Amino acid sequence: MVKMVNRCLPNWRHTLQKKNRPEIVIKGIPAAPGIAIGSAFLMDQQDFIVPERLIFDDEIPVEIARFEEAVAHTKEEIQLIKEKISAQVGSMDAQIFDAHLLVLEDCMLIDEVKKHIKAEKYSAECVFSRVLKRYVEVFARIQDDYIKERSADVEDVGRRVLKHLMGESRTHDFDQLTGEIIIVAHDISPSDAVTMYNKKILGFVTDVGGRTAHTAIIAKSLGVPAVLGLKDATLRIDNQDAIIIDGRKGVVIVNPSEDTVELYRQERDKIVAYEGSLENLQDSPSETQDGRRIVLMANFEMDGEIPAVKKYRAEGIGLYRTEFFYMNRLDLPTEEEQYRTYKRIAEEMAPNPVIIRTLDLGGDKFLSSIQLPKEMTPFLGSRAIRLCLEEQEIFRTQLRAIVRASAHGNVAMMYPMIAGPGELRAANVILKAVKQRLREKSVPFNENMPVGVMIEVPAAAMTADLLAKECNFFSIGTNDLIQYTLAVDRTNEKMAQFYEPGHPAVLRLIRRTISAAHDANIKVSLCGEMASDPTLAVVLLGLGLDSFSMSPASIPAIKRAVRSIRFSDAQELARQALRLSTGQEVEEFMVSELTKLAPDIYNYDGRKK
Ligand code: PEP
Ligand code: MG
């Protein structure tokens, strides 16, 4: 049985969750716009889905070692939290973590798990979650309030251990979600975020993450606000706390007063009215005042987004992030399954194009079905095209599906994270072989399917003239281009101030890419989050970009920006912006000029963003 601790110990959560707690305001990174008013749902306090995985005899010591390591990591983590709470609210409140540490030192629990791993030959997480469940049930049945409460400690600790055991592959069960919920988590993996589709989720709040972390991207595609990088939101917000999030300003308000709630309701109504006014633009062309047409397309992660893509009149899918199709499953999607999906989407969008990006795994996107070795710096490691060139069978399967889908609608394909012509050629060799096999089997496909390159590594921008000779189009991925150019991890909230889309180095690489593309007579699009910032969109427009791709809900605001300006003015502004020395100067210059020239570009109350 788990050892007991002194009954006088306070439960820190209840200590902090005082009735009539004052309103607190926490500042984070504004990652997806909008206002949400709801109730906090602390994700790290919810259950994971633990897959049943049988193991071979020779894996037994590995699983036991993994379990011991997870327990050791959990102890370190709890110790750190204890110190933090102790510094913030006093050592009495922090003592509850001693109870958590005692759970992890309980030899009976630990030994039982090891014994069952050996006897039953299931993975460590599978055995541990079963043993844990039994413990919690026993505690819950005991007719003593204090002991009953301890079952919550066991559960809490158990979740922490499971989190370490399952790492990136853990997913939550969100099917039970009801009510107006705002997810609060230390981090939300892209695969968790995907499972939140069609659930009643009003917004996201996380301790870590930056503006272009994939969690932020998914929040935008779900059309909900997100404030990320709040550092210790999960310690300051309790389950079911009333919270307001303002995704434009990056603010979270916990326990808001009635006056604050009313104020934010009014703000929310203004935003809704502003968005309504943009809907009037839906059937107007995306054209500057002097007649330059700019194609506005949608970024697309999963099926649920098609209605939004249509609603906002996207002129195609400019970036189909296929890796989301591979997430939250224990197997890999087959060629047939992928083919049918790509075909259906191509047909839905026809005659508009669908640009399917080949698998971009690694970085902050991982799968349960492919166990990748942990890397020190995953964004600089085996990611995207590199991984596909290593795992050629997975790549070939996807290429076959895309090439077959090209027989329908208007399909194009592009490779992510190409660093130069060498990788492009290596990928094209595989593509050529795939096409040859299909030809031999008389499988129909479009022999002229355009093949493009994402420009998201500085090396690609610097060799854009060479790449342009060997592909049909470019799509600039600024989320990565910025991180690799400025050496700033896009997911690291502590680096957010250095993540500058308007930095002269970034703008020069973009300018270089656009002119290399145009010199070679190919089109160039931009599909990073920068495309949905109306201020910077004008710079990009002035630099000669042919099309933009963004989360569907961002399209109306960018269309408004395009329609409020003359192309010749945008060119002049871009020329001047490129002479400035810092990203901040560029932003300030553009905001000040556009406020005079085209104030319509800005939000409902005339303020930027
Ligand atoms: C990018 O890097 O800008 C991009 C669009 O790709 P992703 O955000 O999926 O890495
Ligand atoms: Mg990218």
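Condition check ((1) closer than 18 Å to Phe41 by Cα; (2) open to solvent by 10 Å² or more (accessible area, probe 1.4 Å); (3) out of contact with any Asp or Glu (no Cβ under 6 Å at 6 or more places or on another chain)) across all residues:
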position: Ile183; (1), (2), (3): yes, no, yes
position: Met196; (1), (2), (3): yes, no, yes
position: Ala213; (1), (2), (3): no, no, yes
position: Ser221; (1), (2), (3): no, yes, no
position: Val224; (1), (2), (3): yes, yes, yes
position: Lys231; (1), (2), (3): yes, yes, no
position: Ile244; (1), (2), (3): yes, no, yes
position: Ser257; (1), (2), (3): no, yes, no
position: Lys270; (1), (2), (3): no, yes, yes
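Evaluating Phe473 against the criteria (1) out of contact with any strand residue (DSSP E or B) (no Cβ under 6 Å at 6 or more places or on another chain); (2) within 16 Å of ligand 1 (Cβ to nearest atom); (3) open to solvent by 10 Å² or more (accessible area, probe 1.4 Å) leaves one unmet condition, (1). Residue selection: Tyr326 fails the criterion of being at pLDDT 95 or above and hydroxyl-bearing (Ser, Thr, Tyr).
Pairing each residue of segment 420-432 that is more than 17 Å from Glu447 (Cβ to Cβ) with any residue that is surrounded by 11 or more Cβ atoms within 10 Å (Cβ to Cβ) and of a type in the set (Ser, Thr, Tyr), provided the two are 6+ apart or on different chains, yields C-beta distances under 8 Å for Gly420/Thr463; Pro421/Thr463; Glu423/Tyr415; Leu424/Tyr415; Ala427/Thr358; Ala427/Tyr415.
Let's see how each residue does on (1) among the β-branched types (Val, Ile, Thr); (2) within 16 Å of ligand 1 (Cβ to nearest atom); (3) assigned by TED's automatic domain parsing to the domain that holds Asn352:
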| site | (1), (2), (3) |
| --- | --- |
| Phe395 | no, no, yes |
| Ala426 | no, no, yes |
| Leu431 | no, no, yes |
| Thr478 | yes, yes, yes |
| Leu481 | no, yes, yes |
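Kindly indicate whether any position in segment 277-284 is closer than 20 Å to Ala219 by Cα and open to solvent by 20 Å² or more (accessible area, probe 1.4 Å). Among the residues of segment 277-284, not one is closer than 20 Å to Ala219 by Cα and open to solvent by 20 Å² or more (accessible area, probe 1.4 Å), which makes the answer no. Within segment 68-88, residues that are touching a residue at least 12 places away in the same chain (Cβ under 8 Å) and surrounded by 15 or more Cβ atoms within 10 Å (Cβ to Cβ) sit with their Cβ atoms under 8 Å from residues that are part of a helix (DSSP H, G or I) and among the β-branched types (Val, Ile, Thr), at 6+ positions apart or across chains, in these pairs: Ala70/Val161; Val71/Ile110; Val71/Val161; Thr74/Val157; Thr74/Val161; Ile78/Val157. Report whether or not Arg344 is free of Cβ contacts under 8 Å to residues at least 12 places away in the same chain, assigned to a helix (DSSP H, G or I) and assigned by TED's automatic domain parsing to the domain that holds Ser547. The answer is yes for Arg344. For segment 429-439, the set of residues classified as under 17 Å from Leu387 (Cβ atoms) and surrounded by fewer than 15 Cβ atoms within 10 Å (Cβ to Cβ) consists of Val429 only.
Annotation: of all residues in segment 462-493 being more than 13 Å from ligand 2 (Cβ to nearest atom) and among the small types (Gly, Ala, Ser), the one that is farthest from Leu424 (Cα to Cα) is Ala487.
The set of residues from segment 479-514 being farther than 19 Å from Met550 by Cα, of a type in the set (A, V, I, L, M, F, W, C) and either over 17 Å from the mean Cα position of the chain (by Cα) or open to solvent by 10 Å² or more (accessible area, probe 1.4 Å) (or both) comprises Leu486, Ala487, Met495, Ala496, Phe498, Ala505, Leu509. Which of the residues spanning segment 365-379 are within 16 Å of ligand 2 (Cβ to nearest atom), surrounded by 15 or more Cβ atoms within 10 Å (Cβ to Cβ) and outside any strand (DSSP E or B)? Matches in segment 365-379: Phe366, Pro378, Phe379. Quickly run through segment 544-573 and pick out the residues that are without any contact (Cβ under 8 Å) to a residue 40 or more places away in the chain and either part of a helix (DSSP H, G or I) or surrounded by 23 or more Cβ atoms within 10 Å (Cβ to Cβ) (or both). Of everything in segment 544-573, those that are without any contact (Cβ under 8 Å) to a residue 40 or more places away in the chain and either part of a helix (DSSP H, G or I) or surrounded by 23 or more Cβ atoms within 10 Å (Cβ to Cβ) (or both) turn out to be Asp569, Gln571, Glu572, Leu573. Quick one: in segment 397-407, which of the residues that are open to solvent by 10 Å² or more (accessible area, probe 1.4 Å) and assigned to a helix (DSSP H, G or I) is nearest to ligand 1 (Cβ to nearest atom)? Among them, the one singled out is Thr397.
Check whether at least one residue in segment 308-318 is closer than 27 Å to Phe445 by Cα and surrounded by fewer than 14 Cβ atoms within 10 Å (Cβ to Cβ), and report yes or no. Checking segment 308-318: at least one residue is closer than 27 Å to Phe445 by Cα and surrounded by fewer than 14 Cβ atoms within 10 Å (Cβ to Cβ).
When Ser525 is tested against the conditions (1) buried (at least 22 other Cβ atoms within 10 Å of the Cβ); (2) within 16 Å of ligand 1 (Cβ to nearest atom); (3) in a helix (DSSP H, G or I), the lone failure is (3). Among the residues of segment 348-364, is any in a loop (DSSP other than H, G, I, E, B), closer than 18 Å to Glu305 by Cβ and either aliphatic (A, V, I, L, M) or within 13 Å of ligand 1 (Cβ to nearest atom) (or both)? Yes, the conditions are met somewhere in segment 348-364.
The values are calculated or read from the model by the stated rules, or taken from the named source; none is laboratory data. This one's a predicted model, so the numbers in the text were calculated from it and none came from an experiment. In this analysis, Cβ positions are derived from the backbone assuming ideal geometry, glycine residues included, and neighbour counts consider all displayed protein chains. What goes into the accessible areas is simple: the full protein's heavy atoms, side chains included, and nothing from ligands, DNA or RNA. Shrake-Rupley method; radii C 1.70, N 1.55, O 1.52, S 1.80 Å.
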